[in-house]
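The values are calculated or read from the model by the stated rules, or taken from the named source; none is laboratory data. Just so we're clear, the structure is a prediction, and the values are computed from it rather than from any experiment. A quick note on method: Cβ atoms are made from the backbone with ideal geometry, for glycine too, and the neighbour counts reach across all protein chains shown.
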Ligand code: HEM
């Protein structure tokens, strides 16, 4: 919400009466939502943020995997894709791996410690994290019941390869050209501050998988760029805009209690984690009150999230020469043309004027952060909207960031409230060495139809793949007529990009796009809660119950700490989803909900959690402070 809009609203704290008769962990009851208490304590710089005006959901952070809500934000990451061994060994392997899985509570706590250390120039803490996600085939290999398998939404059941037609992966991006395996059961995501720690963790996980009889199908390394930490390979700062999350992100906007840092709207956590309230896609977008609970798949999916992984190869040389050639023809600086394509300058500074930008700095002449670097600070860099730039004279309506999050734009798929239901938590990291134009080394030499194996490991979390990732890719980025007829495709990620891209305004141009991003792999995963991982790893009774022998023998009460005798272990029960509160509706995520819902999404940083180079606003500062600890060893090329 912009300031003017929020000023118009008289937002009073709602008193929430403690409900009765509701079980622990029930969401959107007074037991699970505290009225207006800002999470995370005081904001930066000693400021006292105002609490959100609606209830604050209480999340089971220790049950939610860490990369989902906190983000690992490490400069060194590795993805180990694998298949389970058959039979009981699959559960044994999962049992071994799940013990190492980091949860959101510990990663959030670490990220806060890290940020505090970085801002006080204290020694930086380090950590190595693991998360684990499963494909539908992986759940099958773990013996999940047929009815539970069928309860998952189509997108996840079918997987990314089968959905390639929908999301535009054709030609060079067609699955037949992908280098990732199409038969994965699971992926282990590892992240560390030091490359040596990451290598140790990868070695351990690899031997655990292999020793258990599993097979590594693909091993993918990712790393922040050494020459430009925090920037993707085309040179633009990445990870600048992330949604704020109620109950996780500290409200810290002086003008709007429903924002994290200014411009970062707080969304209901059910947009990203199952079992929590979602956004309401109608109205003014403020969404102070919770929408229906996010439900998708069996009850034990609560506290889990869907993960989209895409291995996106970037043709940096091609992009650079396209920008140089087109800018020359258009009589525009290369910097400005690049910003018109992305919606931000390479520094991350938005093309739209931010609320805090000094008058007189013109984004159409040059990147204003050159004269005023404070624009790049966390509390300023996302403080803008698009609504006053209806024609796209400042930021083209098909620029990457405007396509993928139209903010307060009115679009054919809805207004701001609707767009907020299509947002994603991005957790990507570059792979491959930086392209060095001046180098004639073999690293830059053309050795294949697609010469440089570098790009982005795109990862994002959401509660509905259909309504979030697929909607953004298909309905917004790939559609040349979104948001207006002929605005053009997303110049960065459209997989049909051969059409026109319209730059309106005083330097109006019609640019013919080329494709510089090729999909070379990917899949859809479900990232279960910690409890669900434990449940999936627990052997289920192999023998069907008979009349003479009940499946579960009554287990006599045991003194504390004493195990029941062998043969009398209770049958493992799946973790139950939280029942909706009386009057609370449930939003099923298995219906491809995008069509029935409004539209629009949003973005920005999670205040107080930014940390390192690769994907985060505020990482300039963190990057500098970390300079002394940054690994100087060259990151090996990805193992593909
Ligand atoms: C190689 C591929 C990609 C590149 C180079 C790229 C680059 C960028 C850059 C430079 C930004 C602006 C900085 C920021 O806010 O983080 C950005 C933002 C964003 N990108 Fe991408 N991106 C890629 C793929 C994707 C994909 C596949 C999607 C989703 C389908 C996506 C969705 C978004 C979203 C939602 C934002 C934030 C928009 C906002 O909230 O303002 N990106 N991307």
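Quick notes on this one:
- Within this structure, residue 437 passes the test of being closer than 30 Å to residue 502 by Cβ and not in a strand (DSSP E or B).
- The set of residues in segment 372-418 being within 25 Å of residue 268 (Cβ to Cβ), touching a helix residue (DSSP H, G or I) at 6+ places or on another chain (Cβ under 9 Å) and within 10 Å of the ligand (Cβ to nearest atom) consists of 381, 386, 401, 403, 404, 405, 406, 407.
- Residue that is surrounded by the most Cβ atoms within 10 Å (Cβ to Cβ) [pool: residues in segment 271-281 that are assigned to a loop (DSSP other than H, G, I, E, B) and away from the ligand (no atom under 14 Å from the Cβ)]: 273
- Residues in segment 419-434 that are away from the ligand (no atom under 11 Å from the Cβ), buried (at least 24 other Cβ atoms within 10 Å of the Cβ) and in a loop (DSSP other than H, G, I, E, B) were compared, and the one that is modelled with the lowest pLDDT is 432.
- Test for residue 189: is it away from the ligand (no atom under 16 Å from the Cβ) and touching a strand residue (DSSP E or B) at 6+ places or on another chain (Cβ under 9 Å): yes
- Any strands (runs of 3 or more DSSP E) falling wholly within segment 455-535 and containing at least 3 residues that are in contact with a helix residue (DSSP H, G or I) (Cβ under 9 Å, 6 or more places away or on another chain): 455-462, 509-512, 517-527
- Residue, surrounded by the fewest Cβ atoms within 10 Å (Cβ to Cβ), within segment 165-181, restricted to residues that are touching a strand residue (DSSP E or B) at 6+ places or on another chain (Cβ under 7 Å) and under 23 Å from residue 466 (Cα atoms): 181
- The set of residues in segment 138-157 being under 23 Å from the mean Cα position of the chain (by Cα) and surrounded by 15 or more Cβ atoms within 10 Å (Cβ to Cβ) consists of 138, 139, 152, 153, 155, 156, 157.
Yes/no matrix, rows are residues, columns are (1) within 30 Å of residue 98 (Cβ to Cβ); (2) more than 13 Å from the ligand (Cβ to nearest atom):
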site: 237; (1), (2): no, no
site: 255; (1), (2): no, yes
site: 260; (1), (2): no, no
site: 269; (1), (2): yes, yes
site: 295; (1), (2): yes, yes
site: 317; (1), (2): no, yes
site: 321; (1), (2): no, yes
site: 336; (1), (2): no, yes
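- Reported count of residues in segment 143-164, each being in contact with a strand residue (DSSP E or B) (Cβ under 6 Å, 6 or more places away or on another chain) and on the phi > 0 side of the Ramachandran plot, is 1.
- Meets criteria (at negative phi, crowded, with 17+ Cβ neighbours inside 10 Å and in a loop (DSSP other than H, G, I, E, B)) for residue 309: no
- Look at (1) within 21 Å of residue 297 (Cα to Cα); (2) in contact with a strand residue (DSSP E or B) (Cβ under 6 Å, 6 or more places away or on another chain) and you find that residue 97 fails only one, number (1).
- Filtering segment 288-303 to residues that are under 16 Å from residue 468 (Cα atoms) and part of a loop (DSSP other than H, G, I, E, B) leaves only 296.
- Condition check for residue 132: modelled with pLDDT of 95 or more, touching a strand residue (DSSP E or B) at 6+ places or on another chain (Cβ under 8 Å) and either in a helix (DSSP H, G or I) or over 20 Å from residue 67 (Cα atoms) (or both): no
- Put simply, of 392, 387 the only residue that is part of a loop (DSSP other than H, G, I, E, B) and on the phi > 0 side of the Ramachandran plot is 392.
- The set of residues from segment 65-100 being within 30 Å of residue 268 (Cα to Cα) and surrounded by fewer than 22 Cβ atoms within 10 Å (Cβ to Cβ) comprises 98, 99, 100.
- Residue match in segment 488-498 (condition: within 16 Å of the ligand (Cβ to nearest atom), surrounded by fewer than 19 Cβ atoms within 10 Å (Cβ to Cβ) and either modelled with pLDDT of 95 or more or more than 14 Å from the chain's Cα centre (by Cα) (or both)): yes
- Search result, residues across segment 197-235 that are within 16 Å of the ligand (Cβ to nearest atom) and in contact with a strand residue (DSSP E or B) (Cβ under 8 Å, 6 or more places away or on another chain): 220, 222, 223, 224, 225, 230, 231, 232, 233, 234
- When segment 55-64 is filtered for residues that are surrounded by 24 or more Cβ atoms within 10 Å (Cβ to Cβ) and out of contact with any helix residue (DSSP H, G or I) (no Cβ under 7 Å at 6 or more places or on another chain), only 55 remains.
- Scan of segment 315-336 for residues that are at pLDDT 95 or above and in contact with a strand residue (DSSP E or B) (Cβ under 8 Å, 6 or more places away or on another chain), ordered by number: none
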